[in-house]
């Protein structure tokens with residue numbers, strides 16, 4: 001254990017102490033210890049005017065507590081944001097669906113958006129929060145074959161922090177060509193099939209990245225590259241939890257790829273939870 005001890009506690013042969021390496025178990029009472037002096041190691045004996053060991057122990061304890069407060073205090077003062085996200089359509093459109101026109105041959109096979117069943121909502125703190133450290137293990141988006149719907153990306157929405165690596169394995173026996181022409185991060189992984197080793201893309205800029213397959217029209221997904229790790233996707237019931245957030249005031253945004261986002265200013269407490277519910281719809285856009 002490395003420590004620094006006041007010079008008046010030890011005699012150092014008339015030299016100043018540049019550094020002190022204490023042997024484990026030395027209470028500052030009686031054994032010789034080693035001192036680094038001008039790059040040389042030499043023996044050191046306690047001085048006759050040794051301070052009270054209890055006083056030194058109390059001082060060390062106080063320093064330890066101060067260190068914990070300075071280094072770990074922010075982790076102890078952390079709260080959580082919990083809530084729900086749902087979507088709703090315009091009432092006039094719902095009434096139109098009941099008029100019977102969708103039962104005709106012309107419109108029978110047209111798919112309508114069921115807002116109550118929309119999934120893949122994302123809730124995140126907007127903007128940077130502290131220092132971002134991307135995970136060492138790459139996130140993974142799989143391409144899987146679903147017989148009834150053709151090939152698809154799983155998950156459909158993948159939130160990651162800036163600097164994250166994302167793997168793109170192809171689990172199909174057919175070719176895929178994963179690419180994006182987004183301004184945030186354009187790329188082209190070329191043609192490949194299973195069992196080609198997963199290709200990796202590193203996302204260095206925050207923003208939305210829409211990803212497609214050049215062969216299959218229904219294959220698309222979204223990588224949301226965020227500036228901090230405080231985000232969550234909703235579960236099947238539309239609920240979300242974002243934990244371990246440092247206390248403070250934040251702009252929290254709820255997002256869906258088909259709908260305008262909504263934001264709330266949330267004050268996160270030092271302990272406990274704060275609730276934030278969102279309803280997304282075609283609102284807040286300029287009328288033409």
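Starting from segment 90-116, keep only residues that are within 21 Å of residue 279 (Cβ to Cβ), then list their pairs with residues that are surrounded by 11 or more Cβ atoms within 10 Å (Cβ to Cβ) and modelled with pLDDT under 80 whose Cβ atoms are within a distance under 7 Å, requiring at least 6 positions of separation or different chains.
Hits for this filter: 112/97.
Among the residues of segment 210-228, is there at least one that is over 25 Å from residue 138 (Cα atoms) and in contact with a helix residue (DSSP H, G or I) (Cβ under 8 Å, 6 or more places away or on another chain)?
No, every residue in segment 210-228 fails to be over 25 Å from residue 138 (Cα atoms) and in contact with a helix residue (DSSP H, G or I) (Cβ under 8 Å, 6 or more places away or on another chain).
Quick one: which residue in 231, 203 is touching a residue at least 40 places away in the same chain (Cβ under 8 Å) and closer than 18 Å to residue 119 by Cβ?
Values: 203 fails: closer than 18 Å to residue 119 by Cβ.
When all the criteria are applied, what remains is 231.
Every residue in segment 244-288 that is assigned to a loop (DSSP other than H, G, I, E, B), surrounded by fewer than 16 Cβ atoms within 10 Å (Cβ to Cβ) and touching a residue at least 40 places away in the same chain (Cβ under 8 Å), please. Break it down stepwise before answering.
To start, the set of residues in segment 244-288 that are assigned to a loop (DSSP other than H, G, I, E, B) comprises 247, 257-258, 269-272, 276-277, 281-288.
Checking which are surrounded by fewer than 16 Cβ atoms within 10 Å (Cβ to Cβ) leaves us with 247, 258, 269-272, 277, 281-288.
Scanning segment 244-288 gives 247, 258, 269, 270, 271, 272, 277, 281, 282.
Is there a residue being at pLDDT below 85, exposed (fewer than 12 other Cβ atoms within 10 Å of the Cβ) and touching a helix residue (DSSP H, G or I) at 6+ places or on another chain (Cβ under 9 Å) anywhere in segment 58-65?
No: zero hits.
Give, as residue ranges, the strands (runs of 3 or more DSSP E) completely inside segment 108-207 that count at least 2 residues that are modelled with pLDDT of 90 or more.
Working: elements: 122-125, 142-146, 150-154, 157-161, 165-168, 176-180, 187-192, 199-202.
Counting at least 2 such residues, we get 122-125, 150-154, 157-161, 165-168, 176-180, 187-192, 199-202.
Taking the conditions exactly as written (more than 14 Å from residue 123 (Cα to Cα) and surrounded by 15 or more Cβ atoms within 10 Å (Cβ to Cβ)), does residue 192 satisfy them or not?
Working: more than 14 Å from residue 123 (Cα to Cα): yes; surrounded by 15 or more Cβ atoms within 10 Å (Cβ to Cβ): yes.
Answer is yes for this residue.
The values are calculated or read from the model by the stated rules, or taken from the named source; none is laboratory data. What you are looking at is a predicted structure, and each value in this text was computed from that prediction instead of being measured. Cβ sites come from the backbone with ideal geometry, for glycine too, and all protein chains shown count toward neighbours.
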